[in-house]
Amino acid sequence: MEESESASDKPRPWQSYHTVYTNAKAGMDGVDKEKVQRVVYEMSKGSKYFENEERKEALIRQKIEHMRARAAKLSAADLSHYQKVADKRFLELDSTRDLSRIWLHVDMDAFYAAVETLSNPSLKGKPMAVGSMSMISTANYEARKFGVRAAMPGFIARELCPDLIFVPTDFKKYTYYSDLTRKVFWDYDPNFMAASLDEAYLDITKVCEERSITGAEIAEELRSRVHEETGLTCSVGVAPNRLLAKVCSDINKPNGQFVLPNDRMAVMTFISSLPIRKIGGIGKVTENILKGVFGISTCEEMLQKGSFLCALFSHSSSDFFLSVGLGLGGTDTPEARFRKSISSERTFSTTEDAALLYQKLADIAEMLSADMQKEGLSGRTLTLKLKTASFEVRTRAVTLQKYISSSDDILKHASNLLKAELPISLRLIGLRVSRFNEDKGGVLGDPTQKTLTTFFKSGDASRRTGDDQRSLGSDLSDLHFISEKETAISLDNNETCHHEFGDPFERKHLSDIDDKNCISSINACEMEKIDELSSNKTAAMVNTADVKERTTKSPKRDLSRVSEDDSSVQREPEDSNLDRLNKEPSTSGNEEFFSLNQMEMLFWVDDYKCSLCGAELPSSFVEERQEHSDFHLAERLQEEESGTGLSSLIPRL
Ligand code: TTP
Ligand code: MG
């Protein structure tokens, strides 16, 4: 930790001590930042947590130095070349801009705290936090005035705000209220994308058109309906894409809204002065590096420094940065990419003629295959659905060794399934394929995207792919700069798809759902691999115990994507993304802070509860989870060292 000098020459080491606790959340504008930093610094000084923070800081500094040195080596000719590269890419990316959609991002205000206040109105107007001495899940706006915020240890919060009232978390209650909000969201976009319990993205283009109503009016209406249904307030952002909508929903928090018109000029003006840290996917480390190496603080400066970014970062990273500078973000409804199954069925006059039934089956297999090929899907589980003359529905399924998509393959296996049912009199036949091959870019991937999978499979974060001709000296460790992004969407109630890629030192809570324009070169599968890679690197949250816990317990999800589902089709258990994550080869060769057994000390029970202290942290709060894990790790190290068996970090009550 570097010590900085104040004007009066008194050392103020806390000034350079930045943790997630010292980041401002909504409602913290007037907070005495220096005081918060000092308290956090002093409360954690000397602890293992603090040492860990120092190590992280040192690594960031090292990265900055390394990158500065590389930047300094660029000749005038290099820079002029990369300026041309950047200009060209700028135009290409700008040409993908889609201003035809209206996206709305809704985020509940001080969600857990607000729910608790509903149940106990005496809390109204008093500073309160949901959580415990070791960790706070959130704080109401009264408490935020003191610098108290989510993911902060409670004992630090109490130091900042001695009158702070603590309320224990009650996840069931939050889920109940979350469901109520989702019923409202459904009315505006039945395909809305829930990003966490209190947050969702809605494509309101259609509803605006149908009702000849503006995005602002929908936002007003939605907010008041949420209030009517729940008694809670929320804030809304409306913008041409999800990335911007998310930024906008934070602008007039709490109980407010901000609308960014679907106009290129308006977007460019909005983005020009926007601090990069406001962008989902840019966390502390990326911010520090962009600032420290290139002096980039605002989104517009991404474009001004485009030549450096193209020279020193990989294609995918520089595309992300340039996209941010252009205010591009996801506009598509990623239905196909997040689809878990695809099916086709046909009703006909009841028949028991086997030849006719096989013919129908062949037709359905063809239709299904055509649909799958349109979406680039191939799957391993084939389900046959039959409705008998007496309306009884039967299903038979087979899971194959290889992925199939051709009509011949589908028909071959479907025929075997049907054969087992004959003779039979039927009025409907359906076929469904699931367990998609996501690695091949089918469901989640985009075949046009450059794949980084090979790199991650290699498990070597510093190796260059060599396929990025454009990038001079771009080592792939820069992937970690791209985005502390997490995308979390699930297709049904109990499956969540987590895509994340980011800096190994920090994570940021989901801010955007996979942006075609914005992060086009990284597909969701790759994100997961990066997730594992970076998590291993810091002994962070996705540890083996964590993954096992999550996969074996079929955890309750706080993130869901609403989708239509054929309820009459029996569902087979499908590989969740976490299963796949678990199967990924673990990476090695990365600098690791901690040993494996240290990594295994914490996992998330039911995917949201800390196994050590019971603090509830939904999986979308990646950066906060990282901090939480670091905190426990430090606690344990401290205990081991002192032999006390008690944490010296958390004062006993
Ligand atoms: P947020 O939307 O980030 O925070 P918030 O709703 O409390 O406040 P606001 O949106 O007005 O700024 O998170 C939603 C809920 O998720 C939050 O109420 C509690 C939970 N949460 C945690 O459990 N741990 C965390 O670290 C964070 C940030 C949130
Ligand atoms: Mg919220």
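The values are calculated or read from the model by the stated rules, or taken from the named source; none is laboratory data. A quick note: this is a predicted structure, and the numbers were derived from the prediction, not measured. Backbone-built Cβ (ideal geometry, glycine too); neighbour counts: all protein chains shown. Accessible surface is based on the protein model in full, side chains and every heavy atom, while ligands, DNA and RNA are left aside. Shrake-Rupley method; radii C 1.70, N 1.55, O 1.52, S 1.80 Å.
Answer yes or no as to whether Ser122 is open to solvent by 30 Å² or more (accessible area, probe 1.4 Å), in contact (Cβ under 8 Å) with a residue 12 or more places away in the chain and hydroxyl-bearing (Ser, Thr, Tyr).
no
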Quiz item: In the set Ala151, Ala72, Ala114, which member is more than 24 Å from Leu290 (Cβ to Cβ) and small (Gly, Ala, Ser)?
Solution: Ala114
Practice problem: Can you run down the residue pairs with Cβ atoms below 6 Å, 6 or more apart or on separate chains, where the first is in segment 101-115 and among the charged types (D, E, K, R) and the partner is more than 8 Å from ligand 1 (Cβ to nearest atom) and modelled with pLDDT under 95? | Solution: Arg101/Thr331
Exercise. List every residue pair whose Cβ atoms sit under 6 Å apart, with the two residues 6 or more apart in sequence or on different chains, where the first one lies in segment 598-616 and is crowded, with 22+ Cβ neighbours inside 10 Å and at pLDDT 70 or above and the second, anywhere, is small (Gly, Ala, Ser) and not in a strand (DSSP E or B).
Key: Phe603/Ala545; Phe603/Ser611
Self-check item: Residues of segment 361-379 that turn out to be surrounded by fewer than 19 Cβ atoms within 10 Å (Cβ to Cβ) and under 14 Å from Leu431 (Cβ atoms), as a count
Solution: 6
Quiz item: Looking only at segment 209-241, which residues are surrounded by fewer than 20 Cβ atoms within 10 Å (Cβ to Cβ) and not charged (D, E, K, R)?
Solution: Ser212, Ile213, Thr214, Ala216, Ser224, His227, Gly231, Thr233
Quiz item: Conditions: (1) in contact with a Ser or Thr (Cβ under 9 Å, 6 or more places away or on another chain); (2) more than 16 Å from ligand 2 (Cβ to nearest atom); (3) within 30 Å of Thr205 (Cα to Cα). Glu92 meets all but one. Number of the miss?
Solution: (1)
Quiz item: Could you say whether any residue in segment 154-168 is more than 14 Å from ligand 1 (Cβ to nearest atom), modelled with pLDDT of 95 or more, among the hydrophobic types (A, V, I, L, M, F, W, C) and buried (at least 24 other Cβ atoms within 10 Å of the Cβ)?
Solution: no
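Matching residues to (1) over 26 Å from the mean Cα position of the chain (by Cα); (2) at pLDDT 90 or above; (3) open to solvent by 80 Å² or more (accessible area, probe 1.4 Å):
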| position | (1), (2), (3) |
| --- | --- |
| Pro11 | yes, no, no |
| His18 | no, no, no |
| Asp32 | yes, no, yes |
| Leu59 | no, no, no |
| Lys84 | yes, yes, yes |
